[in-house]
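Peer 1: First, the structure itself, so that you have it in front of you.
The values are calculated or read from the model by the stated rules, or taken from the named source; none is laboratory data. Since this is a predicted model, take the numbers as computed values, not measurements. Cβ placement follows ideal geometry from the backbone for every residue including glycine, while neighbour counts extend to all protein chains displayed.
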Amino acid sequence: MKHLHDLPELQLQEHTFPEQTDIGLRPTGYEIRMPDTGEWLMTNQEMFAAWLGDRRVWGIPYHGPVYASGTRTIYTGSRLCGCSVCQMNVNPKDKPN
Ligand SMILES: [Zn+2]
């Protein structure tokens, strides 16, 4: 009987999972804007996908769905940006008037 930790595929995944420090060392192109300072911060894809504020990819403004952190579930709460793309998945009750 094999145990989970005996499977080579799982061990490989552990080794290839990106380190936290990769964010600072390797540019991803994914940038999020800090609401307090207005400063753009390079981040990883997961944080970018879940960010509710302004986003851009390689300096180009990005408008699209926001996902619940670490999932592929689309966030349907209110969004700051009022454009049609960002508002597409927002609950009708959370849309701006
Ligand atoms: Zn937008």
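Peer 1: Return the total of residues in the range 62-89 being within 11 Å of the ligand (Cβ to nearest atom) and in a loop (DSSP other than H, G, I, E, B).
Peer 2: Count: 11.
Peer 1: Another one. Being under 18 Å from Pro35 (Cα atoms) and among the β-branched types (Val, Ile, Thr) is the filter here; which residues of the range 61-97 pass it?
Peer 2: Result: Val66, single match.
Peer 1: Applying the selection to the range 52-61, what residues are in a loop (DSSP other than H, G, I, E, B) and surrounded by 14 or more Cβ atoms within 10 Å (Cβ to Cβ)?
Peer 2: Matches in the range 52-61: Leu52, Asp54.
Peer 1: Filter the range 37-61 down to residues that are more than 16 Å from the ligand (Cβ to nearest atom), within 11 Å of the chain's Cα centre (by Cα) and without any contact (Cβ under 8 Å) to a residue 24 or more places away in the chain, then give me how many there are.
Peer 2: 3
Peer 1: Further question on the same structure: With the requirement that a residue be within 19 Å of Arg26 (Cβ to Cβ) and among the β-branched types (Val, Ile, Thr), what does the range 39-97 give you?
Peer 2: Result: Thr43, Val57.
Peer 1: May I ask you to say which residue of Ile23, Ile32 is at pLDDT 95 or above, within 20 Å of Tyr67 (Cβ to Cβ) and hydrophobic (A, V, I, L, M, F, W, C)? Spell out how you get there, then give the answer.
Peer 2: Numbers: Ile23 fails: at pLDDT 95 or above.
From the options Ile23, Ile32, the qualifying one is Ile32.
Peer 1: Also, quick follow-up: Of everything in the range 55-77, what is of a type in the set (D, E, K, R) and modelled with pLDDT of 95 or more? Give them in sequence order.
Peer 2: The initial filter retains those residues of the range 55-77 that are of a type in the set (D, E, K, R), namely 55-56, 72.
Correct list: Arg55, Arg56.
Peer 1: Among the numbered criteria (1) modelled with pLDDT under 95; (2) of a type outside the set (Phe, Trp, Tyr); (3) under 16 Å from the mean Cα position of the chain (by Cα), which one does His3 miss?
Peer 2: Failing condition for His3: (3).
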